[in-house]
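First the structure, in the form of C-alpha cells, and then the observations on it.
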Amino acid sequence: MQIVSVINYKGGVGKTSLTANLAAELAFRGKRVLMLDLDAQASLTFSFIRPDEWETKYGASGTIKSWFDSFETGKARPLTSLIHTPAAIKARLNGKGKLDAIYSHLGLINVDLELATQLGGANLAQAKKNFIAVHKRLSDGLAAVAAEDRYDLVLIDCPPNFNIVTKTAIVASDYILVPTRPDELSTLGIDYLMRSINGLIKDYNDFATLDQGAKENPISPEILGVVFTMIQEYDGRPVSAQNAYISKVKASSGLPVFDAYIKRNETLFAEAPLYGVPVVLNGYSNNSHQSVVDGLEEVATEFSNALGL
C-alpha cells in the first residue's frame, strides 16, 4: 500500500479536485483507493457526500477528528472503523476497483492545539519520545490498514499549512504530490514547502534515536512531482503567460514536473460535488468538457506510472 500526501501551502490551487479525480480514475481502472481528508474545510468530504448526510451519519463520531480525539480517552479507535464508501461512487464504479473515504470535520483545527500540548517533556529524552509518538500517530494508524491488504493506494488531502496534523501526514507518506496554479503566488511557496518538509524529515530522523539501542525507522518521503492545474490553453498548449511559470518551475525548483496538467473549467469542477461524482467519471458530449476529462486521465496515467501501479 502506497501513501501519497497532496499538499501546497497556497489554497485554491485545485488540490482537492486533483485528489478526488485521481482517486476516482484509478479506482475506475481497478485499483483499491482510500482517500483521507485531513483538511478542516472538508472540501474533499463534501465532494462525495452532501452536508446533511455528513451531519446525520458521520459528524458526531465518524470522522478523522473523532479518531484523533479517541487518543485522549486512552482507547484509540482503529482507522478502519472510520472508512466509508460513498454511495454515488460505488454505483458509478459498478464493481470496478474500490474507492473509500475517511471524512473530515471543521473541528479538526482544534486537534492541532491538542497535539501541541503533548509535545513537551520533563527532559530531552522524554520530549523526543513525545515528538515521535505524536508525529507517528497517523503512520501507525495507516500501518494497521495496510496490514489488512485492503488498498493499493492512500491519497491524503492535506490542509494548506504545515501544522502538526499536516506533519503526521508527511511522516506517514511514501510520496508527496504538489499541485499548483501557474501564477506567482501559487508557485512562490513551493520552495518554502520543500524546506519545511526537509526540516521535518531531519528533525524526525534525529529524534528517532531515542536512546542507545532503540531507534525508530527513519522517514524519507519522495517528491513525486508538481502538477499544474487550472491551465488555459491556446491551440492545444498552455497560454504563454502560464507556460512561463511552468518553465520557471521546471528550471529552478529541482523537482520533477508532470508533463500532463489539469485544464481550467470552473463550472465543471464546481458542479461535480452536487452529484458526488468527480469530473473524470462523467462522460461529456461537449468537446471542451471532454478535453478536461482527457487531461485528468493523462495526469492519472502519469501518476500511476510514477508509482508503478
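The values are calculated or read from the model by the stated rules, or taken from the named source; none is laboratory data. These numbers were taken from a predicted model, which means no experiment stands behind them. Every residue, glycine among them, receives a Cβ derived from its backbone with ideal geometry; neighbour counts consider all protein chains shown.
List of remarks:
- Note on region 202-251: residues that are of a type in the set (Ser, Thr, Tyr) and surrounded by 12 or more Cβ atoms within 10 Å (Cβ to Cβ) total 5.
- Residues of region 254-294 classified as over 23 Å from Ile3 (Cβ atoms), in contact with a strand residue (DSSP E or B) (Cβ under 8 Å, 6 or more places away or on another chain) and in contact (Cβ under 8 Å) with a residue 60 or more places away in the chain, total: 0
- Condition broken by Lys57, with the remaining ones in (1) surrounded by fewer than 24 Cβ atoms within 10 Å (Cβ to Cβ); (2) under 25 Å from Gly225 (Cβ atoms) satisfied: (2)
- Residue check, Lys57 charged (D, E, K, R) and under 19 Å from Leu155 (Cβ atoms): no
- Test: residue in region 191-202 that is within 23 Å of Pro218 (Cβ to Cβ), of a type in the set (Gly, Ala, Ser) and part of a helix (DSSP H, G or I): yes
- Residue match in region 157-166 (condition: touching a Leu at 6+ places or on another chain (Cβ under 9 Å), part of a helix (DSSP H, G or I), of a type in the set (S, T, N, Q) and surrounded by 17 or more Cβ atoms within 10 Å (Cβ to Cβ)): yes
- Qualifying residue in region 228-235 (condition: in contact with a helix residue (DSSP H, G or I) (Cβ under 6 Å, 6 or more places away or on another chain), at pLDDT below 95 and polar (S, T, N, Q)): no
- Condition met for Lys90 (free of Cβ contacts under 8 Å to residues at least 24 places away in the same chain and more than 21 Å from Cys158 (Cα to Cα)): yes
- Counting the residues of region 96-136 that are under 19 Å from Leu82 (Cβ atoms) and not in a strand (DSSP E or B) gives 12.
- Flag if Arg32 is surrounded by fewer than 24 Cβ atoms within 10 Å (Cβ to Cβ), more than 17 Å from Ile109 (Cβ to Cβ), at pLDDT 95 or above and not polar (S, T, N, Q): yes
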